[in-house]
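Since the structure comes first, as structure tokens, the remarks are kept for the end.
The values are calculated or read from the model by the stated rules, or taken from the named source; none is laboratory data. Note that the coordinates shown come from a computational prediction; the quantities given were computed from them, not determined experimentally. Using ideal geometry, Cβ is built from the backbone for each residue, glycine included, and neighbour counts are taken over all protein chains shown. What goes into the accessible areas is simple: the full protein's heavy atoms, side chains included, and nothing from ligands, DNA or RNA. Shrake-Rupley method; radii C 1.70, N 1.55, O 1.52, S 1.80 Å.
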Amino acid sequence: MRHLSVKHLAACVVIAILLGVAVGQAAAAKYPTRSIDLVVASAPGGGSDIMARNIVAVIEKLKLLPQPVTVVNQPGTTKTYPAVARKAPDGYTFCIGNENLLTADLQMRAQKVAGFSAKEITLIARLAMDTNTVSVRPDSPYKSLADFLADAKKRPGQIKVGGSDIGGVDDTMLLKIEQATGAKITYVRFKSGGESMAAFLGGHVDVLAANPSEIAAQLEAGKVRPLAVTADERWKQLPNVPTLKEAGVNVVVRPFRGVFGPKNFDPEALQVLRDTLKKVSDSKEWEEMYLDKHMLKRAFLAGPEYDKFAADEYKWWEDAYKSFGLLK
């Protein structure tokens with residue numbers, strides 16, 4: 001039998017202790033241990049990109065995470081959303097997602113294209129509510145929404161309204177208004193909010209469908225006059241603008257802004273991200289840097305409450321698509 005010397009025994013004990021410490025430290029390592037990717041399904045400079053960069057800025061300013069969050073731009077919701085949904089649910093990839101999470105799902109259903117389902121993701125948190133506006137130029141003869149709708153009934157299809165999507169907020173808002181009132185307009189779709197604004201200011205369309213952030217600069221310059229907002233109550237930054245309901249049109253459209261990740265998201269990572277984003281949402285930095293600047297409403301939701309909100313919104317959009325004949 002081989003006998004170990006005292007020195008050998010001591011060395012073994014030291015090695016065992018060091019190994020135990022290393023294993024203990026590895027076991028105790030908490031999320032996140034490396035950089036996290038925050039994916040944006042649009043090019044730099046758009047609304048989702050601005051939101052993502054403000055989330056990162058607040059996290060960094062308040063030192064809320066021990067590892068960096070990196071914004072990754074991957075334009076194209078129909079490609080990016082399915083790609084994010086298929087990522088490993090380890091907490092190191094999440095994505096900006098607003099109501100187009102729901103419309104992307106519905107549009108794929110309408111086109112009978114597989115690839116993305118809003119039911120196959122993890123809703124991490126809602127961070128803000130948005131609204132939409134029906135706006136005109138200051139010299140427009142329409143002094144109210146009622147004026148605009150009366151003319152649209154009198155001259156069906158002759159009034160051009162500019163917007164920046166098909167099957168999204170601008171388009172759906174106008175179709176719902178048509179259904180509710182019997183008015184008929186011609187919708188002119190542009191590639192972006194910037195393009196539709198340029199056409200509007202140039203007199204190529206009579207009315208503009210746009211969110212408050214898209215009209216903010218021109219509103220301050222006195223070149224835009226909102227007639228109504230789509231929220232269920234008056235908007236903080238537009239207190240003198242009536243809601244559609246106040247203007248006699250029973251329509252409410254509720255755009256929202258949040259983040260999501262793959263299905264079966266790691267529970268520890270999910271809780272860390274939700275806690276972090278709640279701190280972001282509660283901060284004065286978030287209000288000053290993002291909400292007020294872009295005319296949004298603080299509206300944090302997470303967990304079952306956010307799941308229910310999204311399910312209700314999905315049903316609203318699904319019913320809208322069916323009523324337009326876009327979905328059977």
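3J(HN,Hα) couplings calculated from phi for region 68-85 with the Karplus curve 6.51 cos²θ - 1.76 cosθ + 1.60 (θ = phi - 60°) are, in sequence order, x, 10, 10, 7, 10, 8, 9, x, x, 4, 5, 9, 6, 4, x, 5, 5, 4 Hz; Gly and Pro show x.
Net charge of the neighbourhood of S140, taken over other residues with C-beta under 15 Å away and scored Lys/Arg +1, Asp/Glu -1, is +2.
Amide H contacts under 5 Å for A228: V134, restricted to partners 5 or more places along the chain or on a different chain, H placed in the peptide plane at 1.01 Å from N.
Can you give the net charge of the other residues whose Cβ lies under 15 Å from the Cβ of A320, counting K and R as +1 and D and E as -1?
Working: positive: R109, K176, R254, K315, K322, K328; negative: E99, D105, D165, D170, D171, E178, D312, E313, E318, D319.
Value of the local net charge: -4.
Ligands, DNA and RNA left out, the accessible area of the chain computed with a 1.4 Å probe is 55% carbon and sulfur. In terms of its C-alpha gyration tensor, region 16-149 has a prolate overall shape, because the principal axis ratio a/c (a ≥ b ≥ c, square roots of the eigenvalues) is not below 1.5 and a/b outweighs b/c.
The H on the amide N of S42, modeled in the peptide plane, is under 5 Å from the matching H of Q74, G76, each at least 5 residues off or on a different chain.
Full extension of the chain between T70 and K245 yields a length gain of 58.9 nm, computed as 0.36 nm times the residue separation minus the alpha carbon distance.
Each label point was placed 7 Å from the Cα along the Cα-to-Cβ direction; for E120 and D275 their separation is 3.2 nm. With both labels modelled 7 Å from their Cα along Cα-to-Cβ, the A216 to R298 distance reads 1.6 nm. Between R254 and any residue 5 or more places off or on another chain, the built amide H atoms are never under 5 Å apart.
Can you give me the accessible area per residue for the chain, using a 1.4 Å probe, in Å²?
Value for the chain: 49 Å² per residue.
A value for Rg and Dmax of the Cα atoms in Å was derived from the coordinates, and within the list [x] 29.3, 120; [y] 20.4, 67; [z] 25.0, 107 it appears as [z].
Working note: 222 nm ellipticity from helices only, DSSP H runs with n ≥ 4, each -39,500 (n - 2.57), summed and divided by the residues of the chain, gives -13500 deg cm²/dmol to the nearest 500. In this structure, H204 and S323 have a Cβ-Cβ separation that, at R0 = 35 Å, corresponds to a calculated FRET efficiency of about 0.75.
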